Amino acid sequence: MTIAPSVKSEVTKKGIPMKINLSGHHVDVTSSIKEHVEEKFSKIATHFPTLISLDVILSKEHGKHQAELRTSYEGGRISATGTDDIMYPAIALAAKKLDAALKHRKGQLKANLHAKPGMTTPEIAHERIQEMELS
């Protein structure tokens, strides 16, 4: 079993750093793979500026390449996995899934900000009508 050493890099777009921890399991992490990963996740870094770090684990088992992504966004742990016969499409698929999961989480947070008004029970409504001065 060979585990490639972890490669750390930062994607900076508009002055916003996102730390990418890239590691490989049965895969040698080359500079071209590192550049491809940085290119794929620079878009995500600009869309979600509060994203601080991203863990990318590339592995190969039984002839299939797998890209596993893990991050923490606004208090929630989000992960995505992409599997393909070729490594680059596996990374692209995982990036697409992570983007969708982050958008879903962002929507949940926005929905929580807009709390629905509580219903007034009939007893309270009756009391409020009596308190009003209807002349």
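Points worth noting:
- Search result, residues across segment 42-56 that are small (Gly, Ala, Ser) and within 16 Å of Gly76 (Cα to Cα): Ser53
- Check on Phe41, within 26 Å of Gly107 (Cβ to Cβ), in contact (Cβ under 8 Å) with a residue 12 or more places away in the chain and touching a Phe, Trp or Tyr at 6+ places or on another chain (Cβ under 9 Å): no
- Filter result (surrounded by 10 or more Cβ atoms within 10 Å (Cβ to Cβ), more than 15 Å from Arg70 (Cα to Cα) and modelled with pLDDT of 70 or more) within segment 104-126: His104, Lys106, Gly107, Gln108, Leu109, Ala111
- Qualifying residue in segment 77-100 (condition: surrounded by 13 or more Cβ atoms within 10 Å (Cβ to Cβ), assigned to a loop (DSSP other than H, G, I, E, B) and not small (Gly, Ala, Ser)): no
- With a requirement of 1 or more residues that are at pLDDT 80 or above and exposed (fewer than 15 other Cβ atoms within 10 Å of the Cβ), the strands (runs of 3 or more DSSP E) lying completely within segment 1-75 that satisfy it span 16-25, 53-61, 64-73.
The values are calculated or read from the model by the stated rules, or taken from the named source; none is laboratory data. Only a predicted model underlies this, so the values are computations on that prediction, with no experimental measurement involved. Reconstructed Cβ throughout: ideal geometry from the backbone, glycine too, with neighbour counts over all protein chains shown.
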